[in-house]
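The values are calculated or read from the model by the stated rules, or taken from the named source; none is laboratory data. Values in this document were obtained by computation on a predicted structure and should not be read as measured data. Note: ideal-geometry Cβ built from the backbone for every residue, glycine included; neighbour counts use all protein chains shown. Please note that ligands, DNA and RNA were not included when accessible areas were found on the heavy atoms of the full protein model with its side chains. Shrake-Rupley method; radii C 1.70, N 1.55, O 1.52, S 1.80 Å.
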Amino acid sequence: QYGLPIVNLEEQTLTPEALALLPQDKALKHNLLPLHFNGPALVVAMVDPSNILALNEVKFITGRDIQVVLAAESDLKTHSE
C-alpha cells in the first residue's frame, strides 16, 4: 500500500547502536522499532508509516534521516517487550 518493504523482524539484524538512539518509551509510544543503519540513515520498522509526527520526533531525537520499513504490529509488540 505504501510501496515500502515489509520485513519479518525475526530475520532482521537489530544493532545495539540503533536501539540506543531512541528511548524505549518513545518507540512504544509510536509503535516502532529502530533496527539498524543504512549508511547515515536509521532504519525503523513501523506499522503506520503515514504517522508523520512519529517520524519527525524520531528524526529530531536521533539526529538522523529515517528510512521506514513495514512490520506487523504483532512482531513489533514481541520485540518491544
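Of note:
- Members of segment 39-55 that are closer than 17 Å to T13 by Cβ, in contact (Cβ under 8 Å) with a residue 12 or more places away in the chain and either among the small types (G, A, S) or open to solvent by 20 Å² or more (accessible area, probe 1.4 Å) (or both): A41, A45
- Residues of segment 56-74 satisfying the condition of being crowded, with 18+ Cβ neighbours inside 10 Å and either of a type in the set (D, E) or free of Cβ contacts under 8 Å to residues at least 40 places away in the same chain (or both): V58, I66
- Residue pairs meeting the criteria (Cβ under 9 Å; at least 6 apart or on separate chains; first under 14 Å from V69 (Cα atoms) and touching a residue at least 12 places away in the same chain (Cβ under 8 Å), in segment 23-38; second open to solvent by 70 Å² or more (accessible area, probe 1.4 Å) and among the hydroxyl-bearing types (S, T, Y)): L35/T13; H36/T13
- Looking only at residues of segment 11-26 that are among the hydrophobic types (A, V, I, L, M, F, W, C) and part of a loop (DSSP other than H, G, I, E, B), we find that the one that is farthest from A72 (Cα to Cα) is L22.
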